[in-house]
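Step one of this worksheet: look at the structure below.
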Amino acid sequence: MVRVRFAPSPTGYLHIGGARTALFNWLYARRHGGTFVLRIEDTDAERSSWDMVSGIVDGLRWLGLDWDEGPDIGGPHAPYFQSQRLDTHRVMAERLVEQGRAYYCYCTTETLQQKRQAAEAAGGGWVYDRTCCALEARVVAEREAAGVPRAIRFKVPAGRTSFADLVHGPIAFDNANIEDFVVLRSDRQPTYHLSVVVDDVDMAITHVVRGDDHISNTPKQVLLYHAFEATPPQFAHVPLILGPDRKRLSKRHGATSVMEYQRLGYLPEAMVNFLSLLGWSPGSDRELFTRDELIAAFTLEGISGGNAVFNPDKLDWFNQQHIMRLPVDELAARIQPILRDAGLWSDDLGGTRRDWLNRVIELIRPRVKRLPQFVEELRPFLQDTVEYDRAAVAKHLDKPDVRGVLGELPAALAAIGQFSNATLESAVRGLAESRGIKAAALIHATRVAVTGRAVSPGLFDVLELLGADRVTARIHTALNFPLK
């Protein structure tokens, strides 16, 4: 049974790198019918609450990454807040001391800092010199009886520590380069290395999928797994996400919070598709995937060792593709709140005019990359009055010959009977030809008259959807619009 976990710190929001890590874990669990665990790696039990991780939870839910065990739903390995497991961590640290795999360290922060500074002044590096490892049992007993503050350090054995990374292959570290590291601080707080290993063992985690920046942590954790006589999970360290300038992704590259991308108008389907390909390949040139298709295709072997680049233009492309793929009724439902906020929504758009709205959405969605753009694209269709762009008016309406022919257009349109794309095009082009002006000039003028803009979807589709009455009224309004 595959068991993976996403274990964020309660930093307030789910950032892009964390979302990609969560996605890879979720995809792997779903692919293999396994369990996806949400565990919160907090440190302060008094301040720990579900509210503190709401930003992270909101991001996961928006992406559609549901968990099988976690703080809110419980599970067989509860609790899922690290801060509620501190007693277990402390017991395991003391067990290491009892087994001779760790020892009490009474060195103060000041003493350690002085030794480090002295070594650096001499031009060398410094690692802990095992001062307290050599203490006699009598001295240790006296200090324990006196309540002298002490940390617990893991006693790193001689030799090499290795593990098989599912992305990078075999990795080995010389233990001589690993100092005796602290597993329990003098304030009785466990360190990250101890907590994560104890919790992963208790929760029977089989695979740890996380960022490349954790590779240097792994040998210490492997040593702890062995000390606890537990089989280490399989590790897969995924590449870091870089900005377009090839530097680590940060706020200077734009939004880093997943929920900010929701506010910017990206679809969760597009974000999941985009994130999945940041460091993973399906083994082909295919780029567009549904969630179910990603589950069927995902393998840890498909993760590359090279860093991935976050390209906002590529994200826009994915979003546009998924906007095009979304069923029109679903797309209409998603843009309804945006239209309502813009004052463009009326209840009949979800009732008697629903089919008409869907036709308009179908017309304009190839032009849209993000959901908020629907507001301006739909405005000429949903707003009674036209907002004229003066530059467009000056360019296309400030021509006496064209204005004169435009004034004849309502009568020509009234004579066509059926108000459809084909008949509208025939009428407009026929009128232009009969009056000796270019069809393009009349088409541009008509577009400005009915939309207020120089650019729109195909004019004859626009005219058909606006309807005869609105088209006629808008042409008359445009002819009376002041040119100066």
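The values are calculated or read from the model by the stated rules, or taken from the named source; none is laboratory data. All values reported here derive from a predicted model rather than from experimental measurement. FYI the Cβ positions are ideal-geometry reconstructions off the backbone, even for glycines, and counts take in every protein chain you see. All accessible areas refer to the heavy atoms of the entire protein, side chains included, with ligands and DNA or RNA removed. Shrake-Rupley method; radii C 1.70, N 1.55, O 1.52, S 1.80 Å.
Per-residue packing, averaged as other Cβ atoms within 10 Å, sorts the ranges 300-308, 177-185, 194-202, 420-428 into the order 194-202, 177-185, 420-428, 300-308, beginning with the highest. Close amide-amide hydrogen proximity is noted between Leu184 and Ile152, Thr191, each under 5 Å apart and 5 or more residues distant or on a separate chain (H modeled in the peptide plane; Pro and chain starts excluded).
Beyond 28 Å in Cα-Cα separation lie the following of the pairs Lys115/Lys220; Lys369/Lys438; Lys115/Lys247: Lys369/Lys438; Lys115/Lys247. In this simple spin-label approximation, His476 and Glu120 carry label points 7 Å from Cα along the Cα→Cβ vector, and these lie 8.2 nm apart.
Note on region 359-463: semi-axes of the ellipsoid equivalent to its C-alpha gyration tensor, largest first and rounded to whole Å, are 24, 17, 11. Accessible surface for region 170-307, divided over its residues, is 41 Å² per residue with a 1.4 Å probe.
Straight-line reach from Lys399: taking Cα to Cα under 19 Å and skipping same-chain neighbours fewer than 8 places apart, the aspartates and glutamates in range are Asp389, Glu408, Glu433. From most to least packed by mean Cβ count within 10 Å, the peptides 103-115, 22-34, 273-285 give 22-34, 273-285, 103-115. When a 1.4 Å probe is rolled over the protein heavy atoms, the share of accessible surface on the chain that falls to carbon and sulfur comes to 50 percent.
Under a 5 Å amide H cut-off, with hydrogens placed 1.01 Å from N, Trp280 pairs with Ser304 among residues at least 5 apart or on other chains.
Straightening the chain between Thr88 and Ala414 buys 109.1 nm, computed as 0.36 nm per residue apart minus the Cα-Cα spacing. Maximal additional length on extending the Asn358-Leu264 stretch stands at 31.6 nm, based on 0.36 nm per residue less the C-alpha distance. Between the beta carbons of Asp285 and Gln99, assuming R0 = 45 Å, the FRET efficiency works out to 0.25 to the nearest 0.05. Proximity of backbone amide H atoms, modeled 1.01 Å from N, is registered between Val167 and His237 at under 5 Å, excluding neighbours fewer than 5 places apart on the same chain. When semi-axes √(5λ) of the Cα gyration tensor in Å is calculated for this entry, the matching label among [x] 67, 21, 20; [y] 42, 28, 20; [z] 43, 23, 21 is [x].
Ranked by the mean number of other Cβ atoms within 10 Å per residue, highest first, peptides 91-97, 1-7, 310-316 order as 1-7, 91-97, 310-316. With θ taken as phi - 60° and the Karplus curve 6.51 cos²θ - 1.76 cosθ + 1.60 applied, the whole-hertz 3J(HN,Hα) list for region 146-162 is 7, x, 5, x, 8, 9, 10, 10, 7, 8, 6, x, 6, x, 10, 10, 10 Hz, x standing for glycine and proline.
The helix-based estimate of mean residue ellipticity at 222 nm for the chain, built from -39,500 (n - 2.57) per DSSP H run of four or more residues and divided by its residue count, is -14000 deg cm²/dmol to the nearest 500.
Across region 267-275, rounded Karplus estimates of 3J(HN,Hα) from the backbone phi angles (6.51 cos²θ - 1.76 cosθ + 1.60, θ = phi - 60°) give 7, x, 4, 6, 5, 4, 4, 5, 5 Hz, Gly and Pro being marked x. Relative contact order of region 96-221, taken over Cα pairs closer than 8 Å and 6 or more residues apart, is 22 percent.
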